[in-house]
1. Checking the structure you have, find out if any residue of segment 169-186 is modelled with pLDDT under 95, in contact with a Gly (Cβ under 9 Å, 6 or more places away or on another chain), of a type in the set (G, A, S) and within 17 Å of G145 (Cβ to Cβ).
2. Which of the residues belonging to segment 18-44 are closer than 19 Å to A94 by Cα and outside any helix (DSSP H, G or I)?
3. For residues that are part of a loop (DSSP other than H, G, I, E, B) and of a type in the set (A, V, I, L, M, F, W, C), scanning just segment 1-17, find the one that is farthest from S35 (Cα to Cα).
4. Among the residues of segment 29-55, how many are crowded, with 23+ Cβ neighbours inside 10 Å and among the β-branched types (V, I, T)?
5. For the subset of segment 103-137 comprising residues that are modelled with pLDDT of 95 or more and over 17 Å from the mean Cα position of the chain (by Cα), which member is surrounded by the fewest Cβ atoms within 10 Å (Cβ to Cβ)?
6. If the Cβ limit is 6 Å and pairs must be 6+ apart or interchain, which residue in segment 199-222 that is more than 17 Å from S181 (Cβ to Cβ) pairs with which residue that is part of a loop (DSSP other than H, G, I, E, B)?
7. How many of the residues making up segment 96-136 are of a type in the set (V, I, T), assigned to a loop (DSSP other than H, G, I, E, B) and free of Cβ contacts under 8 Å to residues at least 60 places away in the same chain?
8. Just the residues that are hydroxyl-bearing (S, T, Y) and within 18 Å of the chain's Cα centre (by Cα), please, taken from segment 1-44.
Amino acid sequence: MTFEFGRTHVVRPKGTHKATIVWLHGLGDKGSSWSQILENLPLQNVKWICPTAPTRPVSLFGGFPSTAWFDAQDISDDAPDDLEGLDASAAHVANLLSTEPADIKLGIGGFSMGAAAALYSGTCHIFGQYSNRNPYPVNLTSIVGLSGWLPCSRMLRNRLAGSNDTVTRASSLPILLCHGSGDDVVAYKHGEKSARILHSAGFQNLTFRSYDGLGHYTIPEEMDEVCRWLTDKLELPGS
């Protein structure tokens, strides 16, 4: 299956370019809605790339077409994983990052399904390949997931057991996960369980933040946390 991705929106850094982060929107959304939020963040040294997912049939919507990074039948650990769709989105994101200058730090973030796709890209980075065994070409230095979940969690633990290199890469990759306790779309328990699975699988540099009563949206306090965390982990000049 070939996937046709939508329009990509770019927010240029207002100061010296130190980092580039691809930010992935949620199910049914598009890149432009997040580019407006990211443009107003006090991160002068970050370039944001906000792609738009392909429009495709989504099982969760009974096959009705929607912008989606991969097909989802259900948001739970037991749902089958659409590896073909996940690989295609991870490859699209890696392609967007692969043309950045060599001295620029690279990250991926996202909201909801975009957070799931960002976490999947993080696992491709630590294994050095996609699930189809093609090599993963990009060195990631940060992953941010808001109101999301971890796809392929069962596969992750089995594959990590094999190699010291992957364990080292997993333990050093900074990940920030944030989730609201009042989320009625991606239940809080999925976000919290994803953090637990990642940590037990060897992702030691992981921060999990919960927001009391927050639903399936973002708030200024959460974006402030994202800014603080990125400034620290990417060693950006203080905002």
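The values are calculated or read from the model by the stated rules, or taken from the named source; none is laboratory data. A quick note: this is a predicted structure, and the numbers were derived from the prediction, not measured. All Cβ positions, even for glycine, are placed from backbone atoms using ideal geometry, and neighbour counts span all protein chains on display.
1. Among the residues of segment 169-186, at least one is modelled with pLDDT under 95, in contact with a Gly (Cβ under 9 Å, 6 or more places away or on another chain), of a type in the set (G, A, S) and within 17 Å of G145 (Cβ to Cβ), which makes the answer yes.
2. Listed by number, the residues that qualify are K18, A19, T20, I21, V22, W23, L24, H25, G26, K30.
3. Checking each candidate, the answer is M1.
4. Qualifying residue count, segment 29-55: 1.
5. D103
6. N205/P174
7. Residues in segment 96-136 being of a type in the set (V, I, T), assigned to a loop (DSSP other than H, G, I, E, B) and free of Cβ contacts under 8 Å to residues at least 60 places away in the same chain: 1 in total.
8. As a first pass, look at segment 1-44 and keep what is hydroxyl-bearing (S, T, Y): 2, 8, 16, 20, 32-33, 35.
Result: T8, T20, S32, S33, S35.
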